[in-house]
């Protein structure tokens, strides 16, 4: 199964590109196929069709029917492995 992850940041470009690349690489190492889509934080709600989970690099006040994770650990390296484990567990439980 191929999972779809929405990655959002302030502009939909710089940090979301880094996080999306990291997610694809790390999840592939764990045997999970993923497709990532990037967008701006304010465009998350209109990009949720077919999405399995959301990873953002900014704080999000809204709630969605899709699991949402703060992706800052992928930028800092602090807690990245724990976050990746949570994301894997969430995807595998879908």
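The values are calculated or read from the model by the stated rules, or taken from the named source; none is laboratory data. Not measured: the values here are computed from a predicted model. Please note: Cβ atoms are built from the backbone with ideal geometry, for glycine as well, and neighbour counts cover all protein chains shown.
Please specify each residue of segment 40-59 satisfying the condition of being without any contact (Cβ under 8 Å) to a residue 24 or more places away in the chain and in contact with a strand residue (DSSP E or B) (Cβ under 6 Å, 6 or more places away or on another chain).
Looking only at segment 40-59, we keep the residues that are without any contact (Cβ under 8 Å) to a residue 24 or more places away in the chain, and these are 42, 45-46, 49, 59.
Listed by number, the list is empty, since nothing qualifies.
Quick one: which of 82, 42, 38 is closer than 18 Å to residue 21 by Cα and surrounded by fewer than 19 Cβ atoms within 10 Å (Cβ to Cβ)?
None of the other options fit; the residue is 82.
Could you list, in sequence order, all residues of segment 67-94 that are assigned to a loop (DSSP other than H, G, I, E, B) and either within 11 Å of the chain's Cα centre (by Cα) or free of Cβ contacts under 8 Å to residues at least 60 places away in the same chain (or both)?
The answer is 67, 71, 77, 78, 79, 93.
Mind listing just one residue for me: the one in segment 3-29 that is modelled with pLDDT of 95 or more and loosely packed, with under 13 Cβ neighbours inside 10 Å and, of those, farthest from residue 66 (Cα to Cα)?
In this case the residue turns out to be 29.
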